[in-house]
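Colleague: Structure provided below as structure tokens; questions to follow.
The values are calculated or read from the model by the stated rules, or taken from the named source; none is laboratory data. What you see is a predicted model, and the numbers here were worked out from it, not measured in a lab. Cβ placement follows ideal geometry from the backbone for every residue including glycine, while neighbour counts extend to all protein chains displayed.
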Amino acid sequence: MNERPSYVEQTWAPAWVLLLIWVSCLVGAVTLLYGTYVQGSLGQPFGQEPAPTWLLAGSAAVCFVIPLAITFFASRLEVEIRRDSMLAAFGPVRLLRRTIGYDEIASIEAVTYRPIRDFGGWGIRFRPGKTAWIVRGNRAVRLSLANEKDFYIGSRFPHRLAERIQVAKRLRESKNSP
């Protein structure tokens, strides 16, 4: 399965979103440390009893692990058009990925949608009869699948991506026909 894709598109989450995640987690960590060490040294402990050190260290670690995980695993959506299938994957590690065979696709269409109203935001989103994998914007390729569900793939260039999927699907179908 080391086949080289015929087309690859990467869509990155906006930098301001990642910055917002990091800043909010850092504010939480600073607040935690301030409440524990600064107020504690002034004789004003955080609550009746100071929190155990292991709890503080764990809480501070979570403030760094969450944004690091989001940055590393979900800040980029990559779509690859291959000979037999299309692969959509989040992040460089590709732990979150989905492969769709061209025989599963009933129709392909570049669309503009409303991410908040239609899906409740960005990321991997599920709604009755449809799934979306999106990291930014309001443009996508909608794949109507043979199981009567729709799969939305966020894209910076949805018309180009839809065209590449259609071409690969036609090539696959012509190769399989007698």
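Colleague: One residue is enough: does segment 120-131 have a residue meeting the conditions buried (at least 19 other Cβ atoms within 10 Å of the Cβ), at negative phi and either more than 13 Å from the chain's Cα centre (by Cα) or assigned to a strand (DSSP E or B) (or both)?
Modeller: No, segment 120-131 contains no residue that is buried (at least 19 other Cβ atoms within 10 Å of the Cβ), at negative phi and either more than 13 Å from the chain's Cα centre (by Cα) or assigned to a strand (DSSP E or B) (or both).
Colleague: Yes or no: segment 114-124 includes at least one residue that is touching a residue at least 24 places away in the same chain (Cβ under 8 Å), within 19 Å of GLU104 (Cβ to Cβ) and in contact with a helix residue (DSSP H, G or I) (Cβ under 7 Å, 6 or more places away or on another chain).
Modeller: No.
Colleague: Test each condition in (1) part of a helix (DSSP H, G or I); (2) farther than 17 Å from VAL8 by Cβ for LEU143 and report the one that comes out false.
Modeller: Going through (1) part of a helix (DSSP H, G or I); (2) farther than 17 Å from VAL8 by Cβ one by one, LEU143 breaks only (1).
Colleague: Let me ask something else about it. In segment 142-162, how many residues are within 24 Å of TRP16 (Cα to Cα) and over 13 Å from the mean Cα position of the chain (by Cα)?
Modeller: Total meeting the criteria: 3.
Colleague: Still on this structure: Find all pairs meeting these conditions: Cβ atoms under 8 angstrom apart; at least six residues apart or on different chains; first residue within segment 9-22 and in a loop (DSSP other than H, G, I, E, B); second residue basic (Lys, Arg).
Modeller: Within 8 Å, the pairs are ALA13/ARG76; ALA13/ARG136; PRO14/ARG136.
Colleague: I need the full set of residues from segment 74-102 which are under 20 Å from GLY137 (Cβ atoms) and not in a strand (DSSP E or B), in order please.
Modeller: ALA74, SER75, GLY91
Colleague: So which residues in segment 96-148 are of a type in the set (D, E, K, R) and more than 25 Å from THR71 (Cβ to Cβ)?
Modeller: Residues satisfying the conditions are ASP103, GLU104, GLU109, ARG114, ARG117, ASP118, ARG127, LYS130, ARG142, GLU148.
Colleague: Just to check your reading of the model, which residue among SER6, SER85 is more than 16 Å from the chain's Cα centre (by Cα), modelled with pLDDT of 75 or more, polar (S, T, N, Q) and outside the structural domain of ALA168 (by TED's automatic domain parsing)?
Modeller: The match here is SER6.
Colleague: Test GLY58 against the criterion of being in contact with a Phe, Trp or Tyr (Cβ under 8 Å, 6 or more places away or on another chain) and either at negative phi or modelled with pLDDT of 70 or more (or both), and give yes or no.
Modeller: Judged against the criteria, GLY58 is not a match.
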